[in-house]
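What follows is a single structure, written as structure tokens, with notes after it.
The values are calculated or read from the model by the stated rules, or taken from the named source; none is laboratory data. The structure presented is a predicted model; accordingly, all values stated were derived computationally and were not measured. Glycine also receives a Cβ, built like all others from the backbone with ideal geometry; neighbour counts cover every protein chain displayed.
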Ligand code: 16G
Ligand code: MG
């Protein structure tokens, strides 16, 4: 068997010539680069996915996307059987594999790794990989490269799920491994059913003045989210989704999308002064993150940004309110105590005002380095773990213990689904567990949860925005000779190397009221990022500039 496997790998890899000098690493979210140089990388990702499936004995996913990057880029990432990101322990092998210089070297790498991981070929179970891609023009041919990689592991099967958002593919992998129906139709059905059920459980205090506007304007980044939203719309009532930048005319991620809106803090193309007063949301190119905004000026494109931190705060507030309702009943002796460990996970980019707010709510706040894989892992430690990056990527995770606890309550003989506020609180939590994507951050399910909660609270976007006031912040990128020279610790808040640099950042930061500043090497671009916060915009601009200068001088 092994001889046959070696022969197949030699033949298939001979068709993919690596580009001399081209180096690529798995990074925070898979391999990403200009699409024209990615064929052999995606071919290797196909092999990698097949091996991962063999190792776990379960289905895995392979997604072709470069998220918010420009249209000429593309990328590839692997979803593990749980629907989360590929285990980080496999990244060094992934990096080595894509660097193969000859078919013989590739075979050698695969043989060594499979031996180490005790993966055997030709066993009773074959590898199964679900494939998805976003709307990038290069996606189709790169998908073929992935298929060729998969086919070079004997017995491996690729199932092409077509054009999808990244979270849809992760969701499908997760469900299929739990033997739950997981077609695209099932995904849409689950979203609309849980949304409608959540909205149906809202308190019946129909004072029209407090009812938020039922129209939501959506910037779909000219990406895959646009066409999917048209599907979602068909089965929703009580909310009007108006989709703009759905990809028919404009260019993907060009002056549009969550990344643009969050970084530039201006309205995306297709939005402007005539939208003052409207609630708007912006997705990124593969619809795995979202930020809200409102246009605030009738003569400019200035916006009030409602970022991932505020989405997180809204979710936390809502969940906490439901748990409080349950707690009150439990205190009256209605049943066993509902013991729930709830935690919130942020990164150093979270606005300090949001962290203060969350702590005032009595919540435990944990920090991890940037990158969904870190936040997700941490959030999974709680019964209810809510994580968000300021850039709008996040979700809510529920532990199995929590899920069985609420299921047990729903199954109690006296439970009536139209009953008390206590019962409605339980059903709201059930609906949230079904609406929010447990595999990965998902703009479509996330925005529906925001909409349902705003209706529950009777809040306008302006009221939501005023939950707390963001501290002024500034981000810069600094080009340096070698960004890997910077090593950080404590969730990226401290520079360990080069030695002495942190002290210089500290003494600069100490000059400003409410000053906070950190630097980190980017995982997706060849730059060092600087983030600063202070009590005024002028102060924070100066702080970021001076730290940027220090970084440039030392690492130039
Ligand atoms: C990737 C990450 C995102 C992170 C960003 C940081 C995923 C799915 N995406 O887009 O979470 O915020 O990288 O980029 O993990 P940076 O390292 O260039 O600052
Ligand atoms: Mg994305």
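Every residue, every condition in (1) under 22 Å from residue 312 (Cα atoms); (2) within 16 Å of ligand 1 (Cβ to nearest atom); (3) part of a strand (DSSP E or B); (4) out of contact with any helix residue (DSSP H, G or I) (no Cβ under 7 Å at 6 or more places or on another chain), yes or no:
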site	(1), (2), (3), (4)
252	no, yes, no, yes
255	no, no, no, yes
261	yes, yes, no, yes
271	no, no, no, yes
277	no, no, no, yes
281	yes, no, yes, no
287	yes, yes, no, no
291	yes, yes, yes, no
294	yes, no, yes, no
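Please indicate, with yes or no, whether at least one residue in the stretch 532-539 is surrounded by 18 or more Cβ atoms within 10 Å (Cβ to Cβ), modelled with pLDDT of 95 or more, under 29 Å from residue 69 (Cβ atoms) and within 29 Å of the chain's Cα centre (by Cα).
yes
Can you confirm whether residue 132 is in contact with a strand residue (DSSP E or B) (Cβ under 8 Å, 6 or more places away or on another chain), on the phi > 0 side of the Ramachandran plot and either more than 16 Å from ligand 2 (Cβ to nearest atom) or touching a residue at least 24 places away in the same chain (Cβ under 8 Å) (or both)?
No, not satisfied.
Could you run through the stretch 358-373 and say how many residues are surrounded by fewer than 21 Cβ atoms within 10 Å (Cβ to Cβ) and either more than 16 Å from ligand 2 (Cβ to nearest atom) or under 14 Å from residue 312 (Cα atoms) (or both)?
The qualifying residues number 10.
Tally up the residues in the stretch 88-109 that are within 16 Å of ligand 1 (Cβ to nearest atom) and either in contact with a helix residue (DSSP H, G or I) (Cβ under 8 Å, 6 or more places away or on another chain) or not assigned by TED's automatic domain parsing to the domain that holds residue 35 (or both), please.
3
Kindly check whether there is at least one residue in the stretch 473-495 that is part of a helix (DSSP H, G or I) and closer than 26 Å to residue 309 by Cα.
No: the stretch 473-495 contains no residue that is part of a helix (DSSP H, G or I) and closer than 26 Å to residue 309 by Cα.
Which one of 469, 529 is under 29 Å from the mean Cα position of the chain (by Cα), exposed (fewer than 13 other Cβ atoms within 10 Å of the Cβ) and modelled with pLDDT of 95 or more?
469
Report, by residue number, each residue of the stretch 375-398 that is within 16 Å of ligand 2 (Cβ to nearest atom) and outside any strand (DSSP E or B).
Across the stretch 375-398, the qualifying residues are 375, 376, 389, 390, 391, 392, 393.
Could you tell me how many of the residues in the stretch 269-289 are in contact with a strand residue (DSSP E or B) (Cβ under 7 Å, 6 or more places away or on another chain) and within 13 Å of residue 256 (Cβ to Cβ)?
Number of matching residues: 7.
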